[in-house]
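What follows is a single structure, written as structure tokens, with notes after it.
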Amino acid sequence: MRTRSCLWVVSFLAPFAIVSCGEKVGKESGVTSAKTSKIIPPVETHPVVDADAIINANASPGEWLSHGRTYSEQRHSPLDEISTANVGELGLAWSFDLGTSRGIEATPIVRDGIIYVTGSWNIVHARDAKTGAEIWSFDPEVDRTRASIMCCDIVNRGVAIWGKKVFTGTIDGRLIAIDAKTGEKAWDINTTDNSKPYSITGAPRIVKGKVIIGNGGAELGVRGYVTAYDVDTGEQAWRFYTVPGNPADGFEDSAMEMAAETWNGEWWNVGGGGGTVWDSMAYDPELDLLYIGVGNGSPWNYQIRSNGEGDNLFLSSIVALRPDTGEYVWHYQTTPGETWDYTATQHMILADMEIEGATRKVIMQAPKNGFFYVLDRETGEFISANNFVPVNWATHIDPATGRPVEVAAARYPGKTPHLQMPAPLGAHNWHPMAYNPNTGLVYIPAQEGLWIYGEVEDFEYKEGAWNTGTNFMYATLPDDDAKFKALVAAAKGQLIAWDPVTQSAKWAVDYPDPSNGGVLSTDGGIVFQGTAGAEFVAYDAASGERLWGYPTQTGVVAAPVTYEIDGEQYVAVAVGWGGAYVLAYGGPLPTNSAAKVGRLLVFKLGGDAELPALDVAAAEPPPPPASTASAETIAAGFEAYANFCISCHGDEVMSSGLVPNLRHSALLHDIDAWNMVVREGALAQNGMASFRELVDEETSAAIREYVIAKANSDRDAEFYQRIQEETSGGE
């Protein structure tokens, strides 16, 4: 661990990490401000952050004390100085360079004039929320080799605060408590078995003095659980498993015994079952219920995982627990017998609303499967659901049973592939929604896309590999130009203002690209959202009219927050292009964004700071000579690349810029150098661990020949840019 007053700047765009450190505060240290001032210790509005502070968050609306601002996770602020009438006067107050551009997904926390934000590799920064001046920076020194066993980039969604400590989870499975004022580490515990491909990307939640944290890894093969730890000591209070283990070993509790009745086969031996709790949670202090969202199956393929039988609880479910003990109370499963990576880990919102003449305590979610759900949060009773984007895996949700009415072909029976929407990235992914109690609308960062699901022949579970049980070759972009254009055209985004009572859209804004940022709603009548096209935008919450926009220099996937200091309202958003969509498709489906820089941007009325100019990217070296390998070798390389490499290095071997562009890699000129990286792990500390156990020398050589063939194909960067412009009307 290091606690520092300087940044380690890690470049992932070069073959080796570049590290530097600066001492000064001001522009040299990454802060750009209209004016600089000496740090004055802020006045504490309350001694510590505790349950009362979060429950009564509206009593201190100038702060942002928890991930969703309140336990209800509405992400709506009562601040209204910035309104529809004056938002056009918004300008940059200050900015801070996070030192890395890769997948910035954090929601900042603001307390007592300090803003806390995380960047890649789990580095935590504390800054003066008014000026941007540095207070401290904490580097947990994560094991960077774990990047190779993460499905969706080396991301982190932020910290939690309680008492006088800040809490963060790391990609190598640790939970760390840090002194909020000094940045010194209080305790550091391991929450996962590091012999298995677990990781942590979600922000912790804190309820009744317990830090709640889940984990990820279901794509590669793990058993999901969520754990509570004492905030003072880090001692484990309880653990709730989301799927059963081997029945021969007995069950941890009655909930697992019940869940096991919905499984078949030997799921514990072919991927662990999955069900990781990798993101959303919410808490109702009146009902004393903690709600967790549970992820996909491991493997995805239901036929392999459970012989195609049973609902497989608690996969793709909302589960209510007692926060003191982790005791199961109720569940609702959005996708029974999950087989498409349709997680229910997406943002959950609690609200009280009038439905059919009665006030209902509801919990709302728009999970990956494309349906918006409204449930009774006291009992889990199904109230209503409707699709918010086009879907073709189910026709509707049966109002009597609350279960989807499936399309038979969607389960790709008899090894027959199925062209389907939504894709595994979902109709809505982790990007947070917002609910405005004044308009009664939920604002959803939605997206559309196609995917072809099909079985893998002769599936065999392999430690450290993607164990989905589906063949990713079916879903790679086609060689046929017409089909390629159709798939590109199908990939798009929306901001949808959704009425949860009528289950219909009030208005929608269309985007040419998926993976747009999370959402903030305010009493000023505004909805803020960042975009894949490198803008931060304000919309009228009632009508969807665009009111203001700011060019961010890089794509935005994180969600903004707002706070107030000395009577001035600020809006903050962390920007930096990354995540699963960008890694896999950011090259062949380019946006106006790139992996250029990661920053925290803070705005206020009349702000007049400017962003530093971006460095001009160096020209890439030419590709190697064309491959002389046989068509069979290149085809074998394609299959291996699709199932081992595509999730980081991109479809069509067209890099998004987050990782080195293999088409122009010097390693292609030397098979020994290539194997030193692929099989021996020479760049393990950059996140490229050894694939020796998964890729033999023959397969490694075939992958290299496939990459060389792609590097010399007609489908270069200009080709993809032209297709994107043609399918999006030139936007």
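The values are calculated or read from the model by the stated rules, or taken from the named source; none is laboratory data. What you see is a predicted model, and the numbers here were worked out from it, not measured in a lab. Quick reminder, even Gly has a Cβ in these numbers, built from the backbone with ideal geometry, and neighbours come from all protein chains shown.
Here are the numbers:
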{"read-out": "Filter pass, T727 being farther than 20 Å from I149 by Cα and either touching a Gly at 6+ places or on another chain (Cβ under 6 Å) or surrounded by 15 or more Cβ atoms within 10 Å (Cβ to Cβ) (or both)", "value": "yes"}
{"read-out": "Check on R102, touching a helix residue (DSSP H, G or I) at 6+ places or on another chain (Cβ under 8 Å), surrounded by 24 or more Cβ atoms within 10 Å (Cβ to Cβ) and of a type outside the set (V, I, T)", "value": "yes"}
{"read-out": "Where a residue in the range 397-416 is over 18 Å from H331 (Cβ atoms) and its partner, wherever it lies, is in a strand (DSSP E or B) and of a type in the set (A, V, I, L, M, F, W, C), with Cβ under 6 Å and at least six apart", "value": "V405/A394; E406/A394"}
{"read-out": "Residues of the range 150-180 classified as farther than 14 Å from I109 by Cβ, part of a loop (DSSP other than H, G, I, E, B) and not polar (S, T, N, Q), total", "value": "9"}
{"read-out": "Failed condition for W498, given (1) modelled with pLDDT of 95 or more; (2) within 26 Å of A594 (Cα to Cα); (3) hydrophobic (A, V, I, L, M, F, W, C)", "value": "(2)"}
{"read-out": "Flag if D376 is crowded, with 18+ Cβ neighbours inside 10 Å and touching a Lys or Arg at 6+ places or on another chain (Cβ under 8 Å)", "value": "no"}
{"read-out": "Candidates V231, V243, V270 - the one that is among the β-branched types (V, I, T), under 22 Å from S195 (Cβ atoms) and modelled with pLDDT of 95 or more", "value": "V243"}
{"read-out": "Test: residue in the range 273-289 that is in contact with a Leu (Cβ under 8 Å, 6 or more places away or on another chain), more than 30 Å from A53 (Cα to Cα), in contact (Cβ under 8 Å) with a residue 24 or more places away in the chain and of a type in the set (A, V, I, L, M)", "value": "no"}
{"read-out": "Among (1) within 30 Å of T118 (Cβ to Cβ); (2) at pLDDT 95 or above, the one test that N194 misses", "value": "(2)"}
{"read-out": "Residue check for V501: assigned by TED's automatic domain parsing to the domain that holds A580, out of contact with any Cys (no Cβ under 8 Å at 6 or more places or on another chain) and over 18 Å from S77 (Cα atoms)", "value": "yes"}
{"read-out": "A711 vs. criteria touching a residue at least 12 places away in the same chain (Cβ under 8 Å) and more than 20 Å from T476 (Cβ to Cβ)", "value": "no"}
{"read-out": "All positions within the range 348-392 that are touching a Phe, Trp or Tyr at 6+ places or on another chain (Cβ under 8 Å), in a strand (DSSP E or B) and closer than 13 Å to V442 by Cα", "value": "M348, I349, L350, A351, I363, M364, Q365, F372, Y373"}
{"read-out": "Verdict on Y302 being of a type in the set (S, T, Y) and either more than 30 Å from I161 (Cα to Cα) or not assigned by TED's automatic domain parsing to the domain that holds R146 (or both)", "value": "yes"}
{"read-out": "Matching strands (runs of 3 or more DSSP E) fully within the range 543-632 where at least 2 residues are of a type in the set (K, R) and at pLDDT 85 or above", "value": "599-605"}
